[in-house]
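Asker: Take this structure first; my questions come after.
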Amino acid sequence: MVKISLLTMKGSLPFSKDKVMTAHTGIVVLGVLWLVFWLGPAFSTFLVDPRWGHNFALPLTFITVGISYHFRMISCQLAALIAAFLMVPGLLAFWPWYIASLIAVTLLIVVLILYGIERGRETELLQPNPRLKSWLKLHLMTFAYIGLAHIPLTFFLVRWSNFESFADYLPMEHSVPITIFNAMLIILVVLAIMERFVTKVGRFEVTKVGFVWSMLMIIIPLLTVNFIFE
């Protein structure tokens, strides 16, 4: 007779709460819900003004970056890095929303394909020398998160005071929820980078703080969403 204890069953699960409650997972969830919001309740706004279509590309990039951290493969994380920084030209109105969205969805598909290929291999597709490999494993995702940080930095430092220059491809976004979201995103990026190197700060577990913060980034802007299209 075979006895299966609850402890054994728990140990056999593919993930634990500690692995799920991270800023990286929060970024994926944030991206998915952001995309659902713009494909659902806010889609009529896009139909009236297609310039809001950049809100399809940005959440797709969030999903790409978030899942690439969990895939832990150099090829996937390199694609995530490229995806994060390729959003910058779109945020500077160098190209319209549909080009940015095409780039974002293509790189997400590339990451998923790379992961599917890599899962069946004993070694990774990209095999640099050991020193470079260690450096890439340590820093690729940090650079990807810095890429995401360009979203609020571009918003506050470039577009905030000069939005007319971007009016061909981007709407004016001086609304309460968008401002709150961008401000909170700066902190989320810091937490996502920080939790890769620091476990706790005092009594606080950095990973759980990052996950909770990402969920608040969904809740708090939605509480002010009645101001969104003034």
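Asker: Looking only at residues that are within 26 Å of Gly66 (Cβ to Cβ), of a type in the set (A, V, I, L, M, F, W, C) and in a loop (DSSP other than H, G, I, E, B) in segment 1-38, which one is modelled with the lowest pLDDT?
Answerer: Filtering first and then ranking leaves Leu13.
Asker: Here are some residues: Phe46, Phe94, Phe85. Which one is surrounded by fewer than 22 Cβ atoms within 10 Å (Cβ to Cβ) and under 29 Å from Phe197 (Cα atoms)?
Answerer: Phe85
Asker: Scan (1) assigned to a helix (DSSP H, G or I); (2) over 20 Å from Val29 (Cα atoms) for the single condition Val198 breaks and write down its number.
Answerer: Exception for Val198: condition (1).
Asker: Would you check if there is a residue in segment 134-149 being within 23 Å of His70 (Cβ to Cβ), in contact with a helix residue (DSSP H, G or I) (Cβ under 9 Å, 6 or more places away or on another chain) and among the aromatic types (Phe, Trp, Tyr)?
Answerer: Checked against the condition, which is being within 23 Å of His70 (Cβ to Cβ), in contact with a helix residue (DSSP H, G or I) (Cβ under 9 Å, 6 or more places away or on another chain) and among the aromatic types (Phe, Trp, Tyr), segment 134-149 yields at least one hit.
Asker: Of Thr199, Thr207, Thr179, which residue is without any contact (Cβ under 8 Å) to a residue 40 or more places away in the chain, surrounded by 13 or more Cβ atoms within 10 Å (Cβ to Cβ) and not acidic (Asp, Glu)?
Answerer: Going through Thr199, Thr207, Thr179 in turn, the sole match is Thr179.
Asker: Which condition does Glu173 not pass, out of (1) closer than 24 Å to Leu35 by Cβ; (2) modelled with pLDDT of 85 or more, if it passes all the others?
Answerer: (2)
Asker: Consider segment 78-127. How many of its residues are in a loop (DSSP other than H, G, I, E, B) and of a type in the set (A, V, I, L, M, F, W, C)?
Answerer: 6
Asker: Taking Ser134 and the conditions (1) touching a residue at least 40 places away in the same chain (Cβ under 8 Å); (2) not in a loop (DSSP other than H, G, I, E, B), which numbered condition does it fall short on, given that it satisfies the others?
Answerer: Among (1) touching a residue at least 40 places away in the same chain (Cβ under 8 Å); (2) not in a loop (DSSP other than H, G, I, E, B), the lone unmet condition for Ser134 is (1).
Asker: Hey, another quick one. When you go through Ile219, Ile186 one by one, which is the residue that is among the aliphatic types (A, V, I, L, M), touching a residue at least 24 places away in the same chain (Cβ under 8 Å) and not in a loop (DSSP other than H, G, I, E, B)?
Answerer: Ile186
Asker: So which residues in segment 39-77 are aliphatic (A, V, I, L, M) and part of a helix (DSSP H, G or I)? Talk me through it step by step, then tell me what you get.
Answerer: Of all residues in segment 39-77, those aliphatic (A, V, I, L, M) come to 39, 42, 47-48, 57-58, 60, 63, 65, 67, 73-74.
Of everything in segment 39-77, those that are aliphatic (A, V, I, L, M) and part of a helix (DSSP H, G or I) turn out to be Leu39, Leu47, Val48, Ala57, Leu58, Leu60, Ile63, Val65, Ile67, Ile74.
Asker: Let me ask something else. Report, by residue number, each residue of segment 137-153 that is touching a residue at least 60 places away in the same chain (Cβ under 8 Å) and more than 16 Å from the chain's Cα centre (by Cα).
Answerer: Residue satisfying the conditions is Lys137 alone.
The values are calculated or read from the model by the stated rules, or taken from the named source; none is laboratory data. Remember, predicted model here, so these are calculated numbers, not experimental data. Note that each Cβ is placed from the backbone with ideal geometry, even for glycine, and that neighbours are counted across all protein chains shown.
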